[in-house]
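Worksheet for the structure shown next.
The values are calculated or read from the model by the stated rules, or taken from the named source; none is laboratory data. This structure is a prediction, so every number in the text was calculated from the model and none was measured. Every residue, glycine among them, receives a Cβ derived from its backbone with ideal geometry; neighbour counts consider all protein chains shown. Side chains are part of the model used for accessible areas, which takes the heavy atoms of the whole protein and leaves out ligands, DNA and RNA. Shrake-Rupley method; radii C 1.70, N 1.55, O 1.52, S 1.80 Å.
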Amino acid sequence: MTDIEAKYVGGMVGSALGDAIGEFAFHYPNREGLRAQLDRMREFRYTDDTAMSIGLAESILKKGCLDQQDLGETFRFNFQKEPWRGYASGPPTIFSMVKRLGMTYAEAARSLFGGAGSFGNGAAMRIVPVGLFFHNSPDLYEKACISASVTHAHPLGKDGAAAQARAVSLALKLDPKDAFPRKIFMDRLLDFARTREMKQKIYLVQELIKAQAPPSFAVEQLGCTVAVHESLPFALYCFLRHLKSFEDCLYCAVLHGGDRDTLGAMVGAVSGVYLGIESIPESWRQKLENRAYIEDLALGLSEIKPRVSFI
Ligand SMILES: [Mg+2]
């Protein structure tokens, strides 16, 4: 595996492991208890975060680009196959509206929450294939929005997905053997985000890291709920605090309450891309459900180039 392939695989597998381990953390919310449980488990089963990230990769690989309708169909197909993956209420509602009312996915998503759309972290949690595949695209923001709009119509829901895609794309271009360019990384994210809420939180992450604030304080300041402008900034904080260790970074994200599986999925994606697959404990990798398929999808994304599309 080349270094760049190791980063693609690290991102997809890292995100899936973060999701699965974050889900266990709901039941074992301290490091020793969680670690002991992870040692006991024979298989790490992922949730909707990874099921949707898989769907995103499948659709991109099939189409060579982002096709919103195909993406929605792929999400719906995977949901019908495995409805027990812990989906929130949004996606099933959208799928049923598309089927019953003949709406597009984006129209159905726009009708949620009284017409405001969702600003949950569900579009950001699955975005790793977009950040990888379109890492060099000048339209990365728009690509992230196309993928987000299938379920998340609120500007904040899309902005969070775009910020996470940008974090993944930046991590792909950085060599972990070099000193981490923290200020450049954060400034790029700050420039990329478009909503006031997300910009303020990214700025706050920068300040918390600069001040070496502990996670217990950071989580109070940033929040960690399903709202994307809470959980995504805290995941970024955890990544920046533990740049050299996938394991520490993941424990930091999933052991401070809130939306643990999605915090794990988001931080696992960025750290996995940055450090590469070899940085993830072997015992964890071996236990990941469906690992070979997830690795194949990651390698597929690394092989094909985005088809030029005009939007
Ligand atoms: Mg989940």
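Assorted remarks:
- For the stretch 17-39, a tally of residues being within 16 Å of the ligand (Cβ to nearest atom), over 23 Å from Leu297 (Cβ atoms) and open to solvent by less than 10 Å² (accessible area, probe 1.4 Å) returns 1.
- Number of the condition not met by Ser89 [criteria: (1) at pLDDT below 95; (2) within 30 Å of Ile304 (Cα to Cα); (3) exposed (fewer than 14 other Cβ atoms within 10 Å of the Cβ)]: (2)
- Taken across the stretch 121-139, residues that are open to solvent by less than 10 Å² (accessible area, probe 1.4 Å), at negative phi and of a type in the set (Phe, Trp, Tyr) do occur, with at least one present.
- Whenever a residue of the stretch 132-156 is over 26 Å from Val9 (Cα atoms), its partners that are part of a helix (DSSP H, G or I) and open to solvent by less than 10 Å² (accessible area, probe 1.4 Å), lying with C-beta atoms within less than 6 angstrom and at least six residues away or across chains, give the pairs Ala153/Ala109.
- Being touching a residue at least 60 places away in the same chain (Cβ under 8 Å), open to solvent by 50 Å² or more (accessible area, probe 1.4 Å) and over 22 Å from Pro155 (Cβ atoms) holds for only one residue in Arg100, Arg42, and it is Arg42.
- The criterion of at least 3 residues that are of a type in the set (S, T, N, Q) and more than 16 Å from the ligand (Cβ to nearest atom) is met by the following helices (runs of 4 or more DSSP H) wholly inside the stretch 65-146: 68-81.
- Of the residues making up the stretch 221-278, just one is among the small types (Gly, Ala, Ser), within 21 Å of Lys183 (Cα to Cα) and surrounded by fewer than 24 Cβ atoms within 10 Å (Cβ to Cβ), namely Ser245.
- Residue check, Ala36 among the small types (Gly, Ala, Ser), within 21 Å of the chain's Cα centre (by Cα) and in a helix (DSSP H, G or I): no
- Extreme residue, nearest to the chain's Cα centre (by Cα), among residues of the stretch 203-220 that are among the hydrophobic types (A, V, I, L, M, F, W, C) and open to solvent by 60 Å² or more (accessible area, probe 1.4 Å): Phe217
- For Arg194, the conditions (1) open to solvent by 70 Å² or more (accessible area, probe 1.4 Å); (2) without any contact (Cβ under 8 Å) to a residue 24 or more places away in the chain; (3) not β-branched (Val, Ile, Thr) are fulfilled apart from (2).
- Selected residue (criterion: nearest to the chain's Cα centre (by Cα)) from residues of the stretch 171-194 that are part of a helix (DSSP H, G or I), farther than 20 Å from Thr262 by Cα and not charged (D, E, K, R): Leu172
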